[in-house]
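Okay, so here's the structure we're looking at.
The values are calculated or read from the model by the stated rules, or taken from the named source; none is laboratory data. Just so you know, these numbers come straight off a predicted model, no measurement behind them. The protein model used for the area step is the full one, side chains on, heavy atoms only, and it has no ligands, DNA or RNA in it. Shrake-Rupley method; radii C 1.70, N 1.55, O 1.52, S 1.80 Å.
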Amino acid sequence: PLTPIQHWFFDQKFSNIHHYNQESLLQIEKVDVNLLKYSFEILIGQHDVLRCRYSRRENGSWQQANLAKEDIN
């Protein structure tokens with residue numbers, strides 16, 4: 001089921017629901033790309049909400065599906 005904050009979000013009826021974000025800007029002098037990729041894989045594997053996908057039902061309510069780590073592109 002959706003959490004209270006997810007219900008709030010979908011109740012807002014944003015004009016472009018796919019463009020809502022929160023961001024942070026980090027500046028890094030040197031990046032190990034392989035380590036960064038590995039870090040994101042671990043993060044996505046640990047936090048279910050980063051693997052959730054949402055679809056609207058015929059009655060207008062929202063449904064979430066939590067993808068397996070292997071199903072993430």
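What the table shows:
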item: Of all accessible heavy-atom area on region 27-72, the percent that carbon and sulfur account for (1.4 Å); result: 52
item: Accessible solvent surface per residue of the chain, calculated while the other protein chains remain in place, 1.4 angstrom probe, Å²; result: 96
item: For the chain, calculated [θ]222 nm from helices alone, where every DSSP H run of n ≥ 4 adds -39500 (n - 2.57); result: -9000 deg cm²/dmol
item: Under 26 Å from the Cα of K69 - lysines, other chains or at least 8 residues apart; result: K37
item: Taking all pairs of distinct alpha-carbon atoms in the chain, Kirkwood radius in angstrom; result: 14.9
item: Relative contact order of the chain, pairs being alpha-carbon contacts under 8 Å that are 6 or more residues apart, as %; result: 27
